[in-house]
Structures are given as C-alpha cells and as structure tokens.
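Each remark here refers to the structure printed beneath this line.
The values are calculated or read from the model by the stated rules, or taken from the named source; none is laboratory data. These figures come from a predicted structure and were not determined experimentally. Methodologically, a virtual Cβ is constructed for each residue, glycine included, from the backbone with ideal geometry; neighbour enumeration extends over all protein chains shown. When the accessible area is computed, the model is the full protein with side chains, heavy atoms only, and any ligands, DNA or RNA have been set aside. Shrake-Rupley method; radii C 1.70, N 1.55, O 1.52, S 1.80 Å.
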Amino acid sequence: MTQSVIPRPIAWVLTENETQGYNIAPFSYFTAISSAPPILMFSSGKKPDGERKDTFRNVVARKNMVIHIANTDLAYQVTKSAETLPYDESEFDHLDLSLVEFENSPLPRIKTAPVAFACELYQTQEIGETPMQLVFAKVNQIYINDEICELDDKARLTVDALKVDPLARLGGNEYADLSKKFKVARPK
C-alpha cells in the first residue's frame, strides 16, 4: 500500500520534550483535512520497542507542535530525524539544522524549511489492529518563505509548488520531487 499511494507529503513535526529539548520527526501519513477550522492530520505508529513515539507523547503532554514542509534539499535531515533515539536525546544534536523564532508560536521553526505551521492539538484518535494514533492539529499561524510566493493576476498570494520543491515520500527508501506542474480545468 505505501508503495502505491504515492507521492505522499511529509509532515516534519517539531515538538518540545519534557526536558525542554526539541524533537523532530517525519510522518508520511499526513494531509490537510479541513479549512474551517484549518486542521492538518498525521498518523503516528509506535517505536520498535512498542512505546508511543516521542512526538505523540509530547503533543499530548504540551499540546503544541510545528509542522514543516521540507524541500528536497532537506532529504538527508528528514531521513536522519526518523532515527529512534532515547526520549531525552534530541535529533537536533545530530543534525545540522538551525531553529528560529516563530512569531506568535510557543515553539521555534526550522529556518530552512520553506513552509511551517504553528499548531495546537485539536484531538487524537486511535485506529487499527496495530494501533496508530491520528493527531489532528489546528493551524494557528503559517510561515511561508517569501521566495516561494507570488501574486496572481488578481493580486492574490499564491505559493509556487515548484519553488517549494517539497520532498515527497514513495515506498522503501525512495523519495520524489516535483519535476513539472500543469493545469486541468475543473468542470463547472
């Protein structure tokens, strides 16, 4: 299934640990599910030892998270951040990433990620025989790098998908980028 439901966007989720350090982890079961209120959803499994993942633990305890859209330049860091570490050890100690203040957010954002959503926990839901935790995150603030935006002919802000260059998940160890975009008119 994961090799045929492709490409999948990746939620690169930053949370705060109990020890005041930060956790960052990728989730490719991820999508936007509502615009009013703005809600994103990602699904979190368990660690190899059966414990809940640190991201889920942190979100439930602290209610805040920043969901990043990583570009293809960040593929190594996104993959490396999936490594299973002890709870009190931060992925940021192993990655060359800079954090910057995220205005109106209690958490910082990754400086080089072109898009970031400051979110608060909306709700969780457990599903499946091998329980997965669905995390519903209400978006409170959005950061979009100016370099990926432009105004359309009606002076509306638009995001250029090719400039975002989002990292997309395929199966196994494979990722993809966007090589081109095209339009198809929707029926009226």
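Note on the stretch 34-107: Rg/Rh from C-alpha atoms, Kirkwood Rh, equals 0.96. Between the amide H of Ser44 and those of Gln133, Leu134, Val135, distances stay under 5 Å, these residues lying 5 or more places away or on another chain, with hydrogens modeled in the peptide plane. The modelled label-to-label distance between Ala168 and Asn140, using points 7 Å beyond Cα along the C-beta direction, is 3.3 nm. Within a straight-line Cα-Cα reach of under 14 Å, Lys180 can be paired with the following aspartates and glutamates, leaving aside sequence neighbours fewer than 8 residues apart in one chain: Asp160, Asp165. Please report the carbon-and-sulfur percent of the accessible area for the stretch 1-43; probe 1.4 Å, protein heavy atoms only, DNA, RNA and ligands left out. For the stretch 1-43, the apolar C and S fraction of the accessible surface comes to 58 percent. Solvent-accessible area per residue in the stretch 119-164 equals 68 Å², computed with a 1.4 angstrom probe and all protein chains kept. For the pairs Lys46/Lys138; Lys138/Lys163; Lys46/Lys163; Lys138/Lys183; Lys111/Lys183; Lys53/Lys111, flag any whose C-alpha to C-alpha distance is greater than 27 Å. Where the Cα-Cα span goes over 27 Å, the pairs concerned are Lys46/Lys163; Lys138/Lys183; Lys111/Lys183.
Kirkwood analysis of the chain, using all unique Cα-Cα pairs, places the hydrodynamic radius at 17.4 Å. With contacts taken as Cα pairs under 8 Å and at least 6 residues apart, the chain reaches a relative contact order of 25 percent. Given the -39500 (n - 2.57) contribution per DSSP H run of 4+ residues, what per-residue ellipticity at 222 nm results for the chain, rounded to the nearest 500 deg cm²/dmol? Roughly -2500 deg cm²/dmol at 222 nm, from the helical runs in the chain.
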